[in-house]
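Encoded as structure tokens, the structure appears first; notes follow it.
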Amino acid sequence: MGKNQFEEIRALFGNSDTYYLIRVDMAANYAYVNKHYDDAFRHIHGNLVGKHYAITMHEDDVEICNAVANLAFNNRNDVFPATIRKHDGRGGYIITRWDYKALFDENDNPLGIFCIGHDITELAKIAGELDQIKTDHSHSVRSHVANLMGLGKLIQEANGVGDIKAAAKMILQSTNALDQAIRTVYQNNQDQ
């Protein structure tokens, strides 16, 4: 991708309220940040243009950026994704998702990387909460199913009517507990 093509993208995303657009030069310094990115991070780091790109991110994610940038330079026609944590100015991080593309001049010399990204913090939080709910619900139902399976084995190995009656009593207890677990899961889903 040439510099002129970047200018077309810049015209499209320069004033976006949704997407970040940045360009990093070959010295790993910001060469351009759009208004949305500037609004999000200027209050933390000041004017970013001319500063090293890593100033905005979690130190563990610098390696990800370097690896993805290398992929972009080695595969100049492709776009590569990365998820990067950025300082939020309050001691925490926002989670951002980016597409990286290498940028070359008209003589095919590398100019740097440009990236289009957006904040996915809320999406990541919701996905984590849904995973936790799924895990909790799975465990609450699965334990009762395991009990019933075990009781089925006891019946198969029963030596007499007394053993079968005891297993039947435990099956009723387990099915009642399973029914209550399913009702709780259903109620929790209705409340949300």
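For the chain, find the longest principal axis of its Cα atoms and tell me its angle to the long axis of helix 62-74, 0 to 90°, nearest 10. Once rounded, the angle reads 60 degrees.
Here the Karplus curve 6.51 cos²θ - 1.76 cosθ + 1.60, taken at θ = phi - 60°, turns the phi angles of region 124-136 into couplings of 5, 5, 5, 4, x, 5, 5, 4, 5, 4, 4, 5, 4 Hz, with x standing for Gly and Pro.
Set the Förster distance to 25 Å, then compute FRET efficiency between A11 and D99 from the Cβ-Cβ distance, nearest 0.05. E between A11 and D99, to the nearest 0.05, is 0.90. From its DSSP helices (H runs of at least four residues, each -39,500 (n - 2.57)), the chain gives a residue-normalised ellipticity at 222 nm of -18500 deg cm²/dmol. To put it simply, the accessible area of the chain at a 1.4 Å probe is 52 percent carbon and sulfur.
The GluC sites (Glu not before Pro) of region 109-166 meeting both criteria, a DSSP state outside H, G, I, E and B (loop) and at most 15 other C-beta atoms within 10 angstrom of the site's C-beta, are E157.
Annotation for I44 and V145: the two label points, set 7 Å from Cα along the Cα-Cβ direction, are 4.2 nm apart.
Using the Cβ-Cβ distance between D108 and A67 with R0 = 25 Å, the FRET efficiency computed as 1/(1 + (r/R0)^6) comes to roughly 0.60. Listed values (1) 17; (2) 34; (3) 46 include one computed from this model; for percent of Cα pairs over 30 Å apart that value carries the label (3). Say each of Q190 and M170 gets a label point 7 Å from the Cα, pointing the same way as Cα to Cβ; how far apart are those two points in nm? Here the modelled spin labels are 3.3 nm apart. Between amide H atoms placed 1.01 Å from N, distances below 5 Å from Y93 occur with D88, all of them 5 or more places distant or on a separate chain. What is the Cα centroid distance between region 13-55 and region 132-158, reported in whole angstrom? So the separation of the two Cα centres works out to 53 Å. Spatially close Lys pairs in region 1-153, defined by Cα atoms under 17 Å apart and a spacing of eight or more places or different chains, total 6.
The values are calculated or read from the model by the stated rules, or taken from the named source; none is laboratory data. Since this is a predicted model, take the numbers as computed values, not measurements. No Cβ is skipped: glycine too gets one built from the backbone with ideal geometry, and neighbour counts run over all protein chains shown. Accessible surface areas use protein heavy atoms only, side chains included; no ligands, DNA or RNA. Shrake-Rupley method; radii C 1.70, N 1.55, O 1.52, S 1.80 Å.
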